[in-house]
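The values are calculated or read from the model by the stated rules, or taken from the named source; none is laboratory data. All figures in this text were calculated on a predicted structure; none of them were measured in a lab. Cβ placement follows ideal geometry from the backbone for every residue including glycine, while neighbour counts extend to all protein chains displayed. We work out accessible area using only protein heavy atoms, side chains counted, and drop any ligands, DNA or RNA first. Shrake-Rupley method; radii C 1.70, N 1.55, O 1.52, S 1.80 Å.
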Amino acid sequence: MSLLDKIDKTRVPRHVAIIMDGNGRWAKSQGRERIFGHSHGVESVRASLKAATKSGVEYLTLYAFSTENWNRPKEEVDALMNLLVQTIVGELDELDENQIRLHAIGDINNLPTECQVELQRAMDHTSKHNRVNLILALNYSARWEITHAVKQIIEEGTSPDEVTDELFSSKLTTARFPDPELLMRTSGEERISNFLLWQIAYAELYFTQTLWPDFREEDFFAGIVDFQSRERRFGKTSEQIAQESNNDITSDAEAI
Ligand code: IPE
Ligand code: IPE
Ligand code: MG
């Protein structure tokens with residue numbers, strides 16, 4: 001039996017974000033170079049996309065390269081950028097067939113030119129799709145994104161009382177997307193590593209020991225099943241939440 005059958009389709013998170021981690025350790029466990037792990041991670045990206053499609057997740061954000069990752073050895077950075085280009089080019093038909101729309105967030109203008117060109121081509125090519133939105137976080141850091149938004153707000157001459165949660169959200173690279181309700185991280189690390197700090201204010205966090213190259217559809221479903229076992233209270237009490245769901249059931253019954 002698949003864990004997909006355990007998912008309540010009426011309470012699936014609209015947006016899932018994943019910190020894909022553990023490629024280096026996976027490669028080491030096979031006695032191989034780190035890039036071997038990164039290459040194998042592409043299969044896990046495919047699996048996550050399939051799982052998102054099957055479970056009804058509308059937005060899937062994947063942390064693929066952080067601003068801090070430039071500090072890795074040059075050969076690893078170069079290999080990651082090549083892999084990115086190859087993957088975008090190689091998977092384009094697959095994205096098209098599955099009606100997946102590609103987006104990118106982060107400091108895209110400072111990626112190597114070839115990456116920018118292929119990324120833009122793939123985004124344009126898939127812009128008519130809307131089944132699942134795949135958002136790649138590339139050269140991304142939440143602090144970069146937040147300072148960038150602050151600069152923009154100041155440059156536009158915004159007055160202090162115009163600065164609201166909504167205005168601020170609209171200046172972030174994620175302005176077009178709802179906030180993630182679920183953030184997963186693989187490989188057993190339990191930290192955020194400068195990812196979506198503003199947007200995950202109320203996200204549920206799910207950590208799994210699975211290393212990213214081993215991550216498959218069932219692992220994704222497991223995260224959603226776990227998410228559905230949580231009580232999301234948004235500052236209220238459990239009693240209030242129970243009352244609200246009773247009210248929902250009653251008004252649903254009245255509607256019928
Ligand atoms: C995640 O795997 C991929 C990227 C950060 C690009 P890592 O390369 O961080 O793998 P570990 O953490 O060293 O095992
Ligand atoms: C976070 O993973 C960045 C990505 C997944 C792209 P890292 O492996 O770089 O994070 P730290 O450095 O261990 O926190
Ligand atoms: Mg890591």
Does residue 234 satisfy the criteria of being open to solvent by 20 Å² or more (accessible area, probe 1.4 Å), more than 16 Å from ligand 3 (Cβ to nearest atom) and part of a loop (DSSP other than H, G, I, E, B)?
yes
Long-range neighbours under 8 Å by Cβ, at least six apart or interchain, first residue part of a helix (DSSP H, G or I) within segment 11-33, second within 9 Å of ligand 2 (Cβ to nearest atom)
23/212; 25/187; 26/212
Out of (1) within 16 Å of ligand 3 (Cβ to nearest atom); (2) touching a residue at least 40 places away in the same chain (Cβ under 8 Å), the odd one out for residue 174 is which?
(1)
Tell me yes or no: at least one residue of segment 200-209 is touching a strand residue (DSSP E or B) at 6+ places or on another chain (Cβ under 8 Å), under 28 Å from residue 133 (Cβ atoms), within 16 Å of ligand 1 (Cβ to nearest atom) and modelled with pLDDT of 95 or more.
yes
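Tally time: how many residues in segment 76-116 are of a type outside the set (Asp, Glu), out of contact with any Leu (no Cβ under 8 Å at 6 or more places or on another chain), farther than 29 Å from residue 54 by Cα and away from ligand 3 (no atom under 16 Å from the Cβ)? Step through it out loud before you land on a result.
Going through segment 76-116, the residues of a type outside the set (Asp, Glu) turn out to be 77, 79-90, 92, 95, 98-106, 108-113, 115-116.
Those still in the list that are out of contact with any Leu (no Cβ under 8 Å at 6 or more places or on another chain) too: 77, 79-80, 82-83, 85-87, 89-90, 92, 99, 109-110, 112-113, 116.
If we keep only those that are farther than 29 Å from residue 54 by Cα as well, we get 77, 79, 82, 109-110, 112-113, 116.
Among the residues that remain, those that are also away from ligand 3 (no atom under 16 Å from the Cβ) are: 82, 109-110, 112-113, 116.
Residues in segment 76-116 being of a type outside the set (Asp, Glu), out of contact with any Leu (no Cβ under 8 Å at 6 or more places or on another chain), farther than 29 Å from residue 54 by Cα and away from ligand 3 (no atom under 16 Å from the Cβ): 6 in total.
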Which residues, counting only those in segment 5-47, are open to solvent by less than 40 Å² (accessible area, probe 1.4 Å), closer than 19 Å to residue 95 by Cβ and away from ligand 2 (no atom under 13 Å from the Cβ)?
15, 16, 42, 47
Which of the helices (runs of 4 or more DSSP H) contained wholly in segment 100-174 include at least 2 residues that are basic (Lys, Arg), within 21 Å of the chain's Cα centre (by Cα) and farther than 29 Å from residue 85 by Cβ?
none
When segment 182-198 is examined, which residues are found to be in a loop (DSSP other than H, G, I, E, B) and either within 11 Å of ligand 2 (Cβ to nearest atom) or surrounded by fewer than 22 Cβ atoms within 10 Å (Cβ to Cβ) (or both)?
186, 187, 188, 189, 190, 191, 192, 193, 194, 195, 197, 198
Does segment 65-76 hold any residues that are within 21 Å of the chain's Cα centre (by Cα) and open to solvent by less than 20 Å² (accessible area, probe 1.4 Å), and which are they?
65, 66
If a residue must be away from ligand 1 (no atom under 11 Å from the Cβ), of a type in the set (Ser, Thr, Tyr) and in a helix (DSSP H, G or I), how many such residues does segment 40-76 contain?
4
Given the condition under 30 Å from residue 170 (Cβ atoms) and surrounded by fewer than 17 Cβ atoms within 10 Å (Cβ to Cβ), answer yes or no: does some residue in segment 78-89 qualify?
no
Hey, does segment 52-64 have a residue that's open to solvent by 10 Å² or more (accessible area, probe 1.4 Å) and in contact with a Leu (Cβ under 8 Å, 6 or more places away or on another chain)?
yes
